[in-house]
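One structure below.
Bear in mind that the values in this text are calculations on the coordinates, not laboratory data. Just so it is clear, the structure is predicted and the values come from calculations on it, not from any experiment. Don't worry about glycine lacking a Cβ; one is built from the backbone with ideal geometry, like all the others, and counts go over all protein chains shown.
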Amino acid sequence: MGSHGSTILRQSDFSCCLVQAELDELARIQGAVNRRRPPLPRYLKKDAAVDSLLGHGLRALYDPAPQYREGHLISFSYHSVQDAREFSAFIAALLPQALDRFLQGRVAKPISDTPPHLRPKWLTTLGKPSGS
């Protein structure tokens, strides 16, 4: 390394650095958070029932038993300080192992749980050569 600092060679989402057993624990925590969440406001109930990106996201906020696979890009969705503390404890406990996997290049390829028909077309064409 020169005197100009280090160069980032790769990047990864934290959730892609987790193995299935850790994702199962994260799903357990997220499910408990989702069950404690206050009820969906009445004005959003119609949106939650629609087959749309908004409906998909709202339903995920209330899923009592989310299922994660290696590579899922997972956001920590919380409502209370208790929720944030549970996620913080989870991250703190797993960060050393996740960091080791990241440094060794042992991370899952990112996948999306958004249904294919709801994915924006521009997003599915990223990284593809033009004309294909």
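Observations on the model:
- Estimated FRET transfer efficiency when R0 is 22 angstrom, pair VAL19-SER88 (beta carbons, to 0.05): 0.65
- ³J(HN,Hα) computed for each position of region 88-96 - Karplus, 6.51 cos²θ - 1.76 cosθ + 1.60, integer Hz, glycine/proline x: 4, 5, 4, 4, 4, 5, 9, 4, x
- Potential extension, ASP113-LEU95 segment - 0.36 nm per residue separation minus Cα distance: 4.1 nm
- Counting 0.36 nm for each residue step from HIS56 to LEU44 and taking away their Cα separation leaves a gain of 3.1 nm.
- For ILE111, nonlocal amide neighbours, meaning residues 5 or more places apart or on other chains whose placed amide H falls under 5 Å from its own, are HIS72, LEU73.
- Of the trypsin sites (Lys or Arg not before Pro) in region 1-105, those whose Cβ has at most 13 other Cβ within 10 Å and which sit in DSSP loop: ARG10, ARG69
- Gain in span if fully extended, ARG69 to LEU103, counting 0.36 nm per residue against the direct Cα distance: 10.2 nm
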